[in-house]
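I have placed the structure first, in the form of structure tokens, so that the comments after it can refer back to it.
The values are calculated or read from the model by the stated rules, or taken from the named source; none is laboratory data. In this text the structure is predicted, and so the values were computed from the model without any measurement. Counting neighbours? That spans all protein chains shown, and the Cβs are built from the backbone with ideal geometry, glycine included. Ligands, DNA and RNA are stripped out before the accessible areas are found, and what is left, the full protein with its side chains, is counted by its heavy atoms. Shrake-Rupley method; radii C 1.70, N 1.55, O 1.52, S 1.80 Å.
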Amino acid sequence: MSLARKPKRYRYPGSIISYAVWQYHRFNLSFRDVQEQLAYRGIIVSHETVRKWCLKFSRQFKDTLQKREREVSDKWHLDEMSLRINGESFVLWRAVDEHGMEIDVFLQKRRNKASAIRFLSRLLQRYPTPRVIITDKLRSYRQPIKRMCPKADHRSHKWLNNRVENAHQPTRRKEKCLIKFKSPRGVQQLLSLMGKVRNLFAVFVNRYKHKSALRRQLFDAAKSIWDKAASQILHI
């Protein structure tokens, strides 16, 4: 199957749809930025069309990539960051493993014990109980981790959690690029796929540690995974 073919009921070939969705979630671009980059290559697509593609296919891409990504390590880092969406305060809960691979993100209204339980429940439904859980000094984690992960070594220290705090940076850059986030549901959908794309094209490829030849091979492998996911999702 080839991405050059047009999916049923679409004017554009799968390669263009796939590329637009990938660009929006991989880089700090708005829908209009993606529209302009496509226009430079002679592909005339409105920013509203790009938005509809991202809304329709992002969840499917996220679920497909999640099935293809490598196993999560048994050492987790958990942290939270504050976001303002339409004037309301929200808390984004994030978990990454020791290699920086994003495990999950979950947008909630509070930073309390009930929110910590919901986030941990969401993680433990998908992944085995970790050996080590590292958090900051937020007290909301203590009882939920002790009850839900009794065998895990819970380490709570301000300076041990830089791994996940660094993982917040792409979210801040995207927020700045878009001026502000528009809706909680849209933020959850956007950041969920952003994390999976980053796992594939940043953590897996690791452009800062590998030599150029190996980096190109890893990028080609990551691109192949994305293209196979696109072929499956777009039914071409």
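Quick notes
- Selected residue (criterion: farthest from Lys174 (Cα to Cα)) from residues of region 39-55 that are open to solvent by less than 40 Å² (accessible area, probe 1.4 Å) and not β-branched (Val, Ile, Thr): Trp53
- Residue list for region 108-131, filter: touching a helix residue (DSSP H, G or I) at 6+ places or on another chain (Cβ under 8 Å) and surrounded by 18 or more Cβ atoms within 10 Å (Cβ to Cβ): Gln108, Ser115, Ala116, Leu120
- Test result for Arg155, in a helix (DSSP H, G or I), open to solvent by 30 Å² or more (accessible area, probe 1.4 Å) and at pLDDT 90 or above: no
- From the list Ser73, Ser58, Ser89, Ser82, the lone residue that is assigned to a helix (DSSP H, G or I), open to solvent by less than 70 Å² (accessible area, probe 1.4 Å) and among the small types (Gly, Ala, Ser) is Ser58.
- Residue in region 23-38 that is open to solvent by 50 Å² or more (accessible area, probe 1.4 Å), assigned to a helix (DSSP H, G or I), closer than 15 Å to Val197 by Cβ and not acidic (Asp, Glu) present: yes
- Residue list for region 164-188, filter: part of a loop (DSSP other than H, G, I, E, B) and either touching a strand residue (DSSP E or B) at 6+ places or on another chain (Cβ under 8 Å) or within 20 Å of Phe201 (Cα to Cα) (or both): His168, Lys180, Lys182, Ser183
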